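Taking it in order: structure first as structure tokens, then the write-up.
The values are calculated or read from the model by the stated rules, or taken from the named source; none is laboratory data. Keep in mind it's a predicted model, so treat the numbers as computed, not measured. Note: ideal-geometry Cβ built from the backbone for every residue, glycine included; neighbour counts use all protein chains shown.
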Amino acid sequence: MSAVEHVTCLGCGCACDDITVVVERGRLTEAQRACVLGTAWFGDGQVPQEIRIRGRAGTLERAIAEAAKVLTDAQRPLVYLAGDISCEVQRDAVAIADRLQGAIDSLAGTAGAGVLAAQRRGRAGATLGELRQRADLVVFWGVDPGARYPRYSARYAVDAVGLAAPAGRSSRRVIAVDLGEARGPADADGRVAIRPDAEVDALGTMRATVQGRVAGTNAALAPAIALVHEMTQARYVALVADAEPGPIPLDPDRAEALIALAQALNGRTRCALSTLRGGGNRSGADAVLTWQTGFPFAVDFGRGYPTYRPHAGAAERLAGGEVDAALVIGAPATLPDSVARGLAGVATVAIGPRASAAGWNPVVAVDTGVAGIHEGGTAFRMDDVPLPLRPALEGEDVRSATATVRALRERLEGGA
């Protein structure tokens, strides 16, 4: 039995890097300090090791050759970055899309509205470490992080001890903004209820109030105005909102309104907008695509250079018949339903953790290990901070996603 310390968990966007994993006889038996999501993400570390070519078992060499043929024969190929892969794998995937002159998209597109809003207006953000050290007022805007980001409050925004919060939770005031069924934490110190259909109006009114402009006397918006007055009196406000889609569709103008409010508050006090992101290193996909192409998602190399089609991502391309072959790199289980459904109608190559268990029938499926469990590299936290991955089962007889994707890249480049 051995213990591996400082392991990074990719179960959600918090990417907690304080996990100690206990390994016994090649299996993970315990993930200390991990939340429920983290424990499920680590599991026992066992993954399938199949290679399937048109439904039959095959060798890696044959699988790479068949995958290269499927992709080079395509006229409109798509590369999709799913979850649980490292930034190093994502970088090779971008090179493959470039070589194929195809399109590339990723899980980063699930938070596309916020990304586009930030491109238009900029961002008033901060690292999670700064929030832990500085924030004395935390406003959860229609989100309780306990469900999808269980350790967010404990590690960063609420309970953690910081320079400006020496007593942790008792040094901070927490406000929950409830938007219909989208409610903030149950243990908040104060609550503000806003009708979902009035959310963007409330945010606009709050911004106008901060800027000293007449905002009218709408009684329905009075709680929002009272809240923003309290926010201007704080030393450092953390405005927390979920960037990932939920069961209730969000107003498309919401993300930009939140950014505008955070920016306005910085004229009176200090405010950082903290947008919660999902796991699997989707923030890494955003970062890698941006530094490699200049764009965060929905990139098209069809003209021989990268172009940006933010409103024509993978799901839209597949639904519109614009794709005749696809390469999915990462865990198929992390794909959005709209993308997974679309892949059923095209020739697909799947490389990643549990690729052989994909919900559609890939022409080629190659199972690999999981980034952070079986192989190292780099991943990004939800606040765009890069973290090293320290795999607990490195050296076990598990196929490497890094080596497999690199082999496919070299095959494609060698055949050009």
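Among the numbered criteria (1) over 24 Å from ALA264 (Cβ atoms); (2) under 21 Å from the mean Cα position of the chain (by Cα), which single criterion is violated by GLY168?
Every listed condition holds for GLY168 apart from (2).
Against the condition farther than 19 Å from LEU116 by Cβ, at pLDDT 95 or above, assigned to a helix (DSSP H, G or I) and charged (D, E, K, R), how does GLU230 come out, does it pass? Steps first, please.
Working: farther than 19 Å from LEU116 by Cβ: yes; at pLDDT 95 or above: yes; assigned to a helix (DSSP H, G or I): yes; charged (D, E, K, R): yes.
Considered against the rule, which asks whether it is farther than 19 Å from LEU116 by Cβ, at pLDDT 95 or above, assigned to a helix (DSSP H, G or I) and charged (D, E, K, R), GLU230 comes out as yes.
Considering LEU250, LEU327, which residue is part of a loop (DSSP other than H, G, I, E, B), aliphatic (A, V, I, L, M) and more than 16 Å from the chain's Cα centre (by Cα)? Before you say what the answer is, go through the steps one by one.
Numbers: LEU327 fails: part of a loop (DSSP other than H, G, I, E, B).
Selected residue: LEU250, the only one of LEU250, LEU327 that is part of a loop (DSSP other than H, G, I, E, B), aliphatic (A, V, I, L, M) and more than 16 Å from the chain's Cα centre (by Cα).
If a residue has to be polar (S, T, N, Q) and either modelled with pLDDT under 95 or not in a loop (DSSP other than H, G, I, E, B) (or both) to count, how many in the range 47-79 make the cut?
Of the residues in that region, 1 qualify.
Sort through LEU261, LEU221 and tell me the only one that's assigned to a helix (DSSP H, G or I), out of contact with any Lys or Arg (no Cβ under 8 Å at 6 or more places or on another chain) and hydrophobic (A, V, I, L, M, F, W, C). Let's see the steps before the verdict.
Numbers: LEU261 fails: out of contact with any Lys or Arg (no Cβ under 8 Å at 6 or more places or on another chain).
None of the other options fit; the residue is LEU221.
So, in the range 62-85, how many residues would count as being farther than 18 Å from ALA312 by Cα and out of contact with any Asp or Glu (no Cβ under 7 Å at 6 or more places or on another chain)?
Residues flagged as farther than 18 Å from ALA312 by Cα and out of contact with any Asp or Glu (no Cβ under 7 Å at 6 or more places or on another chain) within the range 62-85 amount to 15.
Determine, yes or no, whether ALA15 is crowded, with 22+ Cβ neighbours inside 10 Å and either of a type in the set (Ser, Thr, Tyr) or closer than 24 Å to GLY395 by Cβ (or both).
On the way: crowded, with 22+ Cβ neighbours inside 10 Å: yes; either of a type in the set (Ser, Thr, Tyr) or closer than 24 Å to GLY395 by Cβ (or both): yes.
The answer is yes for ALA15.
Just the residues that are more than 18 Å from GLU396 (Cβ to Cβ) and in contact with a Ser or Thr (Cβ under 6 Å, 6 or more places away or on another chain), please, taken from the range 341-362.
ILE351, PRO362
Against the condition aliphatic (A, V, I, L, M), part of a loop (DSSP other than H, G, I, E, B) and surrounded by fewer than 24 Cβ atoms within 10 Å (Cβ to Cβ), how does ALA95 come out, does it pass?
Details: aliphatic (A, V, I, L, M): yes; part of a loop (DSSP other than H, G, I, E, B): no; surrounded by fewer than 24 Cβ atoms within 10 Å (Cβ to Cβ): yes.
No, not satisfied.
Looking for something at positive phi, out of contact with any strand residue (DSSP E or B) (no Cβ under 7 Å at 6 or more places or on another chain) and among the small types (Gly, Ala, Ser) - is there at least one such residue anywhere in the range 56-78?
no
Restricting to the range 283-310, give me the number of residues that are more than 17 Å from ALA243 (Cα to Cα) and outside any helix (DSSP H, G or I). Spell out how you get there, then give the answer.
The initial filter retains those residues of the range 283-310 that are more than 17 Å from ALA243 (Cα to Cα), namely 288-295, 298-309.
Checking which are outside any helix (DSSP H, G or I) leaves us with 294-295, 298-309.
Of the residues in that region, 14 qualify.
Please go through the range 135-154 and give me each residue that is surrounded by fewer than 24 Cβ atoms within 10 Å (Cβ to Cβ), hydrophobic (A, V, I, L, M, F, W, C) and in contact with an Asp or Glu (Cβ under 8 Å, 6 or more places away or on another chain), ordered by number.
Hit for the range 135-154 is LEU137, nothing else.
Name the one entry in GLU256, GLU244 that is within 16 Å of the chain's Cα centre (by Cα) and either of a type in the set (Asp, Glu) or in a loop (DSSP other than H, G, I, E, B) (or both).
On the way: GLU256 fails: within 16 Å of the chain's Cα centre (by Cα).
Step by step, each of GLU256, GLU244 is checked, and only GLU244 is within 16 Å of the chain's Cα centre (by Cα) and either of a type in the set (Asp, Glu) or in a loop (DSSP other than H, G, I, E, B) (or both).
Just the residues that are without any contact (Cβ under 8 Å) to a residue 24 or more places away in the chain, under 25 Å from the mean Cα position of the chain (by Cα) and assigned to a helix (DSSP H, G or I), please, taken from the range 379-416.
ALA403 - this is the single residue of the range 379-416 that is without any contact (Cβ under 8 Å) to a residue 24 or more places away in the chain, under 25 Å from the mean Cα position of the chain (by Cα) and assigned to a helix (DSSP H, G or I).
Of all residues in the range 1-46, which are of a type in the set (Asp, Glu) and not in a strand (DSSP E or B)?
Filtering the range 1-46 for residues of a type in the set (Asp, Glu) gives 5, 17-18, 24, 30, 44.
Passing the criteria: ASP17, ASP18, ASP44.
Mind checking which residues of the range 73-95 are of a type in the set (Val, Ile, Thr) and out of contact with any Leu (no Cβ under 7 Å at 6 or more places or on another chain)?
Within the range 73-95, ILE85, VAL89 qualify.
Restricting attention to the range 299-311, does a residue exist that is within 30 Å of THR8 (Cβ to Cβ), touching a residue at least 24 places away in the same chain (Cβ under 8 Å) and acidic (Asp, Glu)?
No; the residues of the range 299-311 include none that is within 30 Å of THR8 (Cβ to Cβ), touching a residue at least 24 places away in the same chain (Cβ under 8 Å) and acidic (Asp, Glu).
For (1) in contact (Cβ under 8 Å) with a residue 24 or more places away in the chain; (2) assigned to a strand (DSSP E or B); (3) aliphatic (A, V, I, L, M); (4) at positive phi, each residue gets a yes or a no:
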position	(1), (2), (3), (4)
ASP105	yes, yes, no, no
THR110	yes, no, no, no
VAL115	yes, no, yes, no
LEU131	yes, no, yes, no
PHE140	yes, yes, no, no
VAL177	yes, yes, yes, no
ALA188	yes, no, yes, no
ARG191	no, yes, no, no
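Are there any pairs with C-beta distances below 6 angstrom linking a residue in the range 68-90 that is within 15 Å of SER106 (Cβ to Cβ) to a residue that is acidic (Asp, Glu) and at pLDDT below 95, with the two at least 6 apart or on different chains, and if so which?
Once the first residue is within 15 Å of SER106 (Cβ to Cβ) and sits in the range 68-90, no partner that is acidic (Asp, Glu) and at pLDDT below 95 comes close enough.
Does the range 156-177 hold any residues that are surrounded by fewer than 19 Cβ atoms within 10 Å (Cβ to Cβ) and either of a type in the set (Asp, Glu) or closer than 23 Å to ASP18 by Cα (or both), and which are they?
Start the filter on the range 156-177 by keeping residues that are surrounded by fewer than 19 Cβ atoms within 10 Å (Cβ to Cβ), which leaves 159, 161, 163-164, 166-171, 173.
ASP159, VAL161, LEU163, ALA164, PRO166, ALA167, GLY168, ARG169 - these are the residues of the range 156-177 that are surrounded by fewer than 19 Cβ atoms within 10 Å (Cβ to Cβ) and either of a type in the set (Asp, Glu) or closer than 23 Å to ASP18 by Cα (or both).
Here is a check on your reading of the model: is VAL237 in contact with a Leu (Cβ under 6 Å, 6 or more places away or on another chain), surrounded by 24 or more Cβ atoms within 10 Å (Cβ to Cβ) and of a type outside the set (S, T, N, Q)?
Numbers: in contact with a Leu (Cβ under 6 Å, 6 or more places away or on another chain): yes; surrounded by 24 or more Cβ atoms within 10 Å (Cβ to Cβ): yes; of a type outside the set (S, T, N, Q): yes.
Taking the combined requirement at face value, the residue satisfies it.
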